[in-house]
Amino acid sequence: MRIEQIIKLVTEAAEGKDNFKEGAVGTNNYGFVFKDLNSNIPYVTDTYSHKYFEAGSMRDVLKIWKKVKSFEELKDLSNFDEKNDLLLVGSLKTLVPTLQFGGFNMFRIWMFVKTPKERMFPATFYWGSSGVSIGGWASYGITPFAKEIIFPEDFLEIVNFTPFNFTDNERGCFLDALEFALKKVPVSDFWGVFNRDIGNSYMGIRRGESFNKLMQHFERDPEAEREVEALFGRKFKDGYNQSFIINLLPGMRIYVVQFEYDIEQDDVIFGNAKKILEFWKSQKKTSIADKIHEKQKMFARIRKENS
């Protein structure tokens, strides 16, 4: 995508003309264009990007934190609701259908922003160890070498601001606009396994409703791992003739069985290699063909007994 197209999309979004197909949405004279970090566009990158403030539910936690006066209030902060965060991520999935989830970051995405003051800049939006956050670049290249690595020269010509220079009030307005804009977008279903300090969480949106489940710890089994990894990339049928595939979650030794037409949350099965291997073998024994064969044998036996 050419830089001129990004400028056109972000400007139109700021003026109230959204383009969900191209990942562009806006509100209150703010425009946002979202792109997958794997889109192979030269200026779409998170190289050297670092966090500069919290967003989503973590933003609310920090507001409350400043007012905490007792231990009881402190305990309440540990139970903050991530439902709104998951819904925002579901909107991002609608804008960028290729967005992937899970690992040490629940997601990471690049965005280009235009503000009511005609400020234009790139940033990153992600869910990491400290919650949903905004990342970016305090400087767009201290040396010519670093500058060249991060962004092409023609892209830097349109960047006229860094959000590290936002005042507290401007930062609040920016975050309000970002959330309001995303809430205009229909929510898509998604799931991912997020590697957190408290353990792995199976999180996402299913049929428009959020879910967040802490997963059990899975012990490794190297022998079973070698066997199950030979099954990757192949399609199998379960006992009800439903297709499924077996994969390894990125960055984690957690294996997953994912059905082609999953309907409920439990249609995704997680486990170590041994558990997944046992599931696969059990489905081989209860295939449709096997069931038909068993029924034929049973009918033949009944006819013989009644003859």
Does the stretch 162-210 classify as rounded, prolate or oblate by the C-alpha gyration tensor (a ≥ b ≥ c root eigenvalues; a/c under 1.5 gives rounded; else a/b over b/c gives prolate, otherwise oblate)? oblate
The percentage of the accessible area of the stretch 201-270 (probe 1.4 Å, all protein chains present) made up of carbon and sulfur atoms, to the nearest whole number, is 47
Label-to-label distance, nm, for residues given as Lys83 and Asp221 (7 Å Cα→Cβ offset): 3.8
Assigning unit charges at the beta carbon (Lys, Arg +1; Asp, Glu -1) and nothing else, what dipole magnitude in debye, to the nearest 20, does the stretch 164-238 show about its Cα centre? 400
If you filter the stretch 90-130 for trypsin sites (Lys or Arg not before Pro), then keep DSSP loop positions with at most 11 other Cβ within 10 Å, what is left? Lys117
Please say if the stretch 106-243 is rounded, prolate or oblate, where rounded means a/c under 1.5 for a ≥ b ≥ c the square roots of the C-alpha gyration tensor eigenvalues, and otherwise the choice is prolate for a/b larger than b/c and oblate otherwise? prolate
Using a basic spin-label model with each label point 7 Å from the Cα along Cα→Cβ, how many nm lie between Arg2 and Lys237? 5.1
In nm, to one decimal, how far is the modelled label at Asn19 from the one at Phe164, with both set 7 Å along Cα→Cβ? 3.1
Cα shape, the stretch 98-142, gyration tensor, a/c 1.5 rule: prolate
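The values are calculated or read from the model by the stated rules, or taken from the named source; none is laboratory data. Keep in mind it's a predicted model, so treat the numbers as computed, not measured. Cβ sites come from the backbone with ideal geometry, for glycine too, and all protein chains shown count toward neighbours. These accessible areas exclude ligands, DNA and RNA; they are computed on the full protein's heavy atoms, side chains included. Shrake-Rupley method; radii C 1.70, N 1.55, O 1.52, S 1.80 Å.
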